[in-house]
Amino acid sequence: MKAIIYTEYGGPEVLQLKEVEKPFPKDDEVLIRVHAVSINDWDWGLLHGDFINRILNGMFRPKRQILGSDIAGRIEAVGKNVTRFKVGDEVYGDLSGQWGGFAEYVCATEKALALKPSSMSFVDAAAIPQAAMLAIQGLIDKGKIREGQNLLINGAGGGVGSYGIQIAKLYGVKVTGVDSNGKLDLMQSLGFDHVIDYEREDFTKNGKQYDLILDVKTNRSVFDYMRALNPNGTYATVGGSLGRLLQIFLLGPLISLFSKKKLLVVALKTNKDLGYMNELFEAGKIKSVIHGPFPLNELPEAMEMFGKGEHRGKVVLTV
Ligand SMILES: NC(=O)c1ccc[n+]([C@@H]2O[C@H](COP(=O)([O-])OP(=O)(O)OC[C@H]3O[C@@H](n4cnc5c(N)ncnc54)[C@H](OP(=O)(O)O)[C@@H]3O)[C@@H](O)[C@H]2O)c1
């Protein structure tokens, strides 16, 4: 089968289109013919091999050579212990930890997959898993979003932000989005009530306060975020600078001892809310915002664009 592999850590130039052996499903796995796959920040980290990702995928060379976690495709074979799926089913899910999605075929366990509604295209489905789960778990599970609140999403023009705004609007909240100037028009078209260009305005220093902040970038201090929260406000981060995340993880519980403000870190529960996304999608309440799709052989160029932050919504490739 065709796959995009990497045998050394580096930039998008180390990605190569190769003919590799087709995988064979174990007893508890299914074999999927991949039709679409999206790029996540984690693919970028694994490609470059920062310290944490080298612990996961090999200190000197990548052990797993095919990246790509968020896939959508059709089941082509099932292992003998598989009970939830059959050959021909259209499925999607986040295979992070195992990866292998930048290829014509990939194997996955049942728990990593959900049935794809027929009204959802493979491209729409491949965009959903990681970004939408982070948005749902940040806003609903951790953030306890409620009607009438004033919400801010930082890093709002990418994957998490494009699902986050649509989920937030189901709760009748007012939403401010922060991102670079080139994405503000897209954000307004998605329903953000107010948009901020982070190069021109610092939302933690403009005197405004929010009931809930969902952060994708986490590049400021705990004290900056405290200042931007209302007295009972909640800040939930899904990712960003490791040092800043650690600060929130350690200081967040201490702060809640003497303040009603909460600072929380979201740990992704992969695929947990795919059923909820299916319901929203089928009811026409949510859509995927797609950059592309591009053919799989253009992954290096698509990855380059992703790394520069030039994408709007989710970058998807078709296989
Ligand atoms: N918590 C977990 O368990 C877990 C698991 C997986 C992934 N993650 C994290 O989840 C996040 C995924 O987010 P995503 O898919 O939405 O990423 P994304 O598509 O790359 O979107 C991020 C957006 O932030 C913007 N941005 C860059 N610098 C900014 C700044 N200083 N201020 C405001 N916005 C800025 C980017 O645009 P420009 O570049 O144009 O500025 C981009 O539009 C990542 O942080 C990832 O590490 C967390």
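Brief remarks on what is shown
- Rg over Rh [alpha-carbon atoms, Kirkwood Rh] for the stretch 53-95: 1.14
- Net +/- balance of residues flanking residue 280 in space, Cβ distance below 13 Å, scoring K and R +1, D and E -1: -1
- Mean Cα-pair separation over length for the chain, i.e. relative contact order, pairs under 8 Å, 6 or more apart, %: 18
- Per residue, the Cα convex hull of the chain amounts to 129 Å³.
- Normalised by residue count, the stretch 1-65 yields a Cα convex hull volume of 115 Å³ per residue.
- Sparse-neighbourhood loop sites, GluC sites (Glu not before Pro) in the stretch 255-319 - DSSP loop, at most 16 other Cβ within 10 angstrom: 310
- Summed side-chain charge close to residue 123 - residues other than residue 123 whose Cβ falls under 12 Å, Lys, Arg +1, Asp, Glu -1: +1
- Cβ charges +1 (Lys, Arg) and -1 (Asp, Glu), total dipole of the chain, debye: 940
- Ordered from largest to smallest accessible area (heavy atoms of protein chains, 1.4 Å probe), the residues 287, 260, 183 come out as 260, 287, 183.
- A cut-off under 15 angstrom between Cβ atoms defines the neighbours of residue 183, and their net charge, with Lys, Arg +1 and Asp, Glu -1, is -1.
- Order by protection proxy (mean Cβ within 10 Å, highest first), peptides 124-132, 41-49: 124-132, 41-49
- Per residue accessible area in Å² of the chain, where ligands, DNA and RNA are left out and the probe is 1.4 Å: 44
- In whole percents, the pair-distance distribution calculated for the stretch 137-231 from its alpha-carbon pairs, binned every 5 Å from zero, is 3, 14, 28, 27, 19, 8, 0.
- Compactness check for the stretch 223-319: Cα Rg over 2.2 N^0.38 Å is 1.47.
- Rounded to 5, percent antiparallel among DSSP beta bridges of the chain: 50
- Going by accessible surface with a 1.4 Å probe and the largest first, 17, 186 read 17, 186.
- Equivalent ellipsoid dimensions for the stretch 72-158 as semi-axes, Å, which come from the Cα gyration tensor, largest first: 31, 14, 13
- Pairs of C-alpha atoms in the stretch 249-298 farther apart than 17 Å represent 67 percent of all such pairs.
- Protein accessible area in the stretch 195-319, 1.4 Å probe - carbon and sulfur %: 54
- The helix-only estimate of mean residue ellipticity at 222 nm for the chain, built from DSSP H runs of length n ≥ 4 each weighted as -39500 (n - 2.57), is -8000 deg cm²/dmol after division by the residue total.
- Under the simplified labelling scheme, the residue 259-residue 33 pair shows an inter-label distance of 5.5 nm, with each label point 7 Å from Cα along Cα→Cβ.
- Pairwise Cα distances in the stretch 1-154 exceed 23 Å in 43 percent of cases.
The values are calculated or read from the model by the stated rules, or taken from the named source; none is laboratory data. Note that the structure is a prediction, hence the values are computed from the model and not measured. Cβ atoms come from the backbone with ideal geometry, glycine included; neighbour counts cover every protein chain shown. The area values use the complete protein model at the heavy-atom level, side chains included, leaving out ligands, DNA and RNA. Shrake-Rupley method; radii C 1.70, N 1.55, O 1.52, S 1.80 Å.
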